[in-house]
1. Residue 13 fails exactly one of the following numbered conditions: (1) among the β-branched types (Val, Ile, Thr); (2) modelled with pLDDT of 95 or more; (3) out of contact with any Phe, Trp or Tyr (no Cβ under 6 Å at 6 or more places or on another chain). What is the number of that condition?
2. Please enumerate the residues belonging to the range 54-83 that are part of a helix (DSSP H, G or I), free of Cβ contacts under 8 Å to residues at least 40 places away in the same chain, under 24 Å from residue 42 (Cα atoms) and not charged (D, E, K, R).
3. When the residues of the range 35-63 are narrowed to those that are within 16 Å of residue 100 (Cβ to Cβ) and of a type in the set (Ser, Thr, Tyr), which ends up modelled with the lowest pLDDT?
4. Looking at the range 13-34, which of its residues are more than 23 Å from residue 96 (Cα to Cα) and part of a loop (DSSP other than H, G, I, E, B)?
5. What are the residues in the range 1-38 that are surrounded by fewer than 10 Cβ atoms within 10 Å (Cβ to Cβ), among the polar types (S, T, N, Q) and under 19 Å from residue 68 (Cα atoms), if any?
6. Can we say residue 66 is at pLDDT below 95, aliphatic (A, V, I, L, M) and within 12 Å of the chain's Cα centre (by Cα)?
Amino acid sequence: MAKKMFLGMDPMTGTMHYVSYDDTDDSFTCHSECDVTALLERNKRLYNDAPSRFGELADVAGLPLLLQLKLREEGIWDDPKAKAKWLNDSDNRGWRTRPGKV
């Protein structure tokens, strides 16, 4: 059975770091978590207040660092087409700060 141990928290991002030890296969797993409630509320407010038109270099999303790192690992963050597809996906709307297509 895995045992989860708190390692510490980054006060700047609110990210909490943990390590889990699984004695069944003698393995360790490191993982991080962060509360994104305030960020999602901010994004929703900006989305609802956004002007109907916007040009290039407009801020279109607010993502936590952990999600950005995950997208980078998956090859999405550095691929403009894949990133636009991800941002335009309705499942990811909570991260958007403006309506429309990227």
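1. The number of the failed condition is (2).
2. Filtering the range 54-83 for residues part of a helix (DSSP H, G or I) gives 65-73, 80-83.
Subsequent filtering for residues that are free of Cβ contacts under 8 Å to residues at least 40 places away in the same chain retains 67-73, 80-83.
Now narrow it down to the ones that are under 24 Å from residue 42 (Cα atoms): 67-72, 83.
Scanning the range 54-83 gives 67, 68, 69, 71.
3. Filtering the range 35-63 for residues within 16 Å of residue 100 (Cβ to Cβ) gives 43-44, 46-62.
After this cut, where a residue has to be of a type in the set (Ser, Thr, Tyr) as well, the list is 47, 52.
Numbers: 47: 94, 52: 75.
It comes out as 52.
4. Initially, the range 13-34 is screened for residues more than 23 Å from residue 96 (Cα to Cα), giving 16-31.
If the condition is that a residue be more than 23 Å from residue 96 (Cα to Cα) and part of a loop (DSSP other than H, G, I, E, B), then 23, 24, 25, 26 are the ones that fit.
5. 37
6. Working: at pLDDT below 95: yes; aliphatic (A, V, I, L, M): yes; within 12 Å of the chain's Cα centre (by Cα): yes.
Yes.
The values are calculated or read from the model by the stated rules, or taken from the named source; none is laboratory data. Note that the coordinates shown come from a computational prediction; the quantities given were computed from them, not determined experimentally. So basically every Cβ, Gly included, is an ideal-geometry build from the backbone, and we count neighbours across all protein chains shown.
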